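*Asks:* Sharing a structure with you now.
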Amino acid sequence: MTTNLSGLCSECIDLKKNTRLKDALKSRRATPSTTKFIPKFYFNTHLIGLMKNQNLRSLWTCIITNNNDSAMWASLVQMGMNGSFSGEKTFTELASLMLQIKTKEEAGISMKGLRYFEHLTHFFSLLSESSREYEVFRKALGGMSIQRIW
């Protein structure tokens with residue numbers, strides 16, 4: 001409860017009067033045409049590095065512009081048919097593993113006997129350095145148990 005006539009607390013009134021905050025909110029933000037002038041050390045995040053891949057960037061924009069997932073899947077299929085992922089062994093092996101898992105789930109078959117290819121095995125071993133993060137990944141997309149990797 002506040003005693004001010006405006007109904008705002010004193011901290012909120014201070015924020016409302018803060019000219020530095022007002023100026024920061026009014027300043028222009030980066031646009032796609034001006035981002036090339038931003039120093040590169042501001043972009044040292046993992047997501048920015050991934051967005052340098054043209055295929056991932058087009059998938060990302062497809063997801064952002066469309067509210068449904070079907071456009072993203074259609075775009076992914078089209079890229080696969082065009083051979084965009086032909087040099088990406090780890091990605092194609094992960095997609096193949098996900099297809100194996102879905103096929104077995106729909107048929108009601110046990111998950112035993114899944115085939116893990118060489119690139120995917122190396123990828124899982126790199127991810128498993130943090131077992132908690134790997135378990136989150138494994139539950140979402142599938143993969144070997146942590147004991148099998150070790």
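*Asks:* Considering only region 58-65, I want to know if a residue exists there that is more than 16 Å from the chain's Cα centre (by Cα), closer than 30 Å to PRO32 by Cα and surrounded by 15 or more Cβ atoms within 10 Å (Cβ to Cβ). First the steps, then the outcome.
*Replies:* Taking region 58-65 first, the residues more than 16 Å from the chain's Cα centre (by Cα) are none.
Among the residues of region 58-65, not one is more than 16 Å from the chain's Cα centre (by Cα), closer than 30 Å to PRO32 by Cα and surrounded by 15 or more Cβ atoms within 10 Å (Cβ to Cβ), which makes the answer no.
*Asks:* Moving on to the next point. In the list PHE37, PHE91, which residue meets the criterion of being aromatic (Phe, Trp, Tyr), without any contact (Cβ under 8 Å) to a residue 24 or more places away in the chain and farther than 26 Å from LYS139 by Cβ? Step through it out loud before you land on a result.
*Replies:* On the way: PHE91 fails: farther than 26 Å from LYS139 by Cβ.
Matching residue, one of PHE37, PHE91: PHE37.
*Asks:* Look through region 106-120, keep the residues that are surrounded by 11 or more Cβ atoms within 10 Å (Cβ to Cβ) and more than 21 Å from the chain's Cα centre (by Cα), and return whichever of them is farthest from SER145 (Cα to Cα).
*Replies:* Step one: filter region 106-120 for residues surrounded by 11 or more Cβ atoms within 10 Å (Cβ to Cβ), giving 114, 116-117, 119-120.
Filter once more, keeping what is more than 21 Å from the chain's Cα centre (by Cα): 114, 116-117.
On the way: LEU114: 12, TYR116: 12, PHE117: 15 Å.
Of everything passing the filter in region 106-120, PHE117 is farthest from SER145 (Cα to Cα).
*Asks:* List the number of the failed condition for LYS52; all other conditions in (1) over 17 Å from the mean Cα position of the chain (by Cα); (2) free of Cβ contacts under 8 Å to residues at least 12 places away in the same chain; (3) surrounded by fewer than 10 Cβ atoms within 10 Å (Cβ to Cβ) hold.
*Replies:* (1)
*Asks:* Please list, ordered by first then second residue, the pairs with beta carbon atoms under 7 Å, 6 or more apart or interchain, first in region 55-71 and among the hydroxyl-bearing types (Ser, Thr, Tyr) and in a helix (DSSP H, G or I), second modelled with pLDDT of 75 or more and surrounded by 14 or more Cβ atoms within 10 Å (Cβ to Cβ).
*Replies:* SER58/SER75
*Asks:* Would you mention how many residues in region 89-131 are of a type outside the set (Phe, Trp, Tyr) and within 25 Å of LEU56 (Cβ to Cβ)? I'd like the intermediate steps shown before the answer.
*Replies:* Of all residues in region 89-131, those of a type outside the set (Phe, Trp, Tyr) come to 89-90, 92-115, 118-122, 125-131.
Now drop any that are not within 25 Å of LEU56 (Cβ to Cβ), which leaves 89-90, 92-102, 118-122, 125-130.
Of the residues in region 89-131, 24 are of a type outside the set (Phe, Trp, Tyr) and within 25 Å of LEU56 (Cβ to Cβ).
*Asks:* Do we have THR3 as out of contact with any Asp or Glu (no Cβ under 8 Å at 6 or more places or on another chain), under 30 Å from LYS52 (Cβ atoms), at pLDDT below 85 and of a type outside the set (D, E, K, R) here?
*Replies:* Details: out of contact with any Asp or Glu (no Cβ under 8 Å at 6 or more places or on another chain): yes; under 30 Å from LYS52 (Cβ atoms): no; at pLDDT below 85: yes; of a type outside the set (D, E, K, R): yes.
Against the criterion (out of contact with any Asp or Glu (no Cβ under 8 Å at 6 or more places or on another chain), under 30 Å from LYS52 (Cβ atoms), at pLDDT below 85 and of a type outside the set (D, E, K, R)), THR3 does not qualify.
*Asks:* Looking at region 106-124 only, could you name the residues that are farther than 14 Å from LEU94 by Cβ and in a helix (DSSP H, G or I)?
*Replies:* Pass one, region 106-124, residues farther than 14 Å from LEU94 by Cβ: 106-113.
Within region 106-124, GLU106, ALA107 qualify.
*Asks:* Report the residue count in region 10-30 for those that are loosely packed, with under 11 Cβ neighbours inside 10 Å, among the basic types (Lys, Arg) and at pLDDT below 85. Give the steps one after another, and end with the answer.
*Replies:* Of the residues in region 10-30, the ones loosely packed, with under 11 Cβ neighbours inside 10 Å are 10-11, 17, 19-20, 23-29.
With the extra rule that they be among the basic types (Lys, Arg), the set shrinks to 17, 20, 26, 28-29.
When the remaining residues are screened for being at pLDDT below 85, the result is 26, 28-29.
So the count comes out to 3.
The values are calculated or read from the model by the stated rules, or taken from the named source; none is laboratory data. Quick caveat, the model's predicted, so the values are computed rather than measured. Cβ sites come from the backbone with ideal geometry, for glycine too, and all protein chains shown count toward neighbours.
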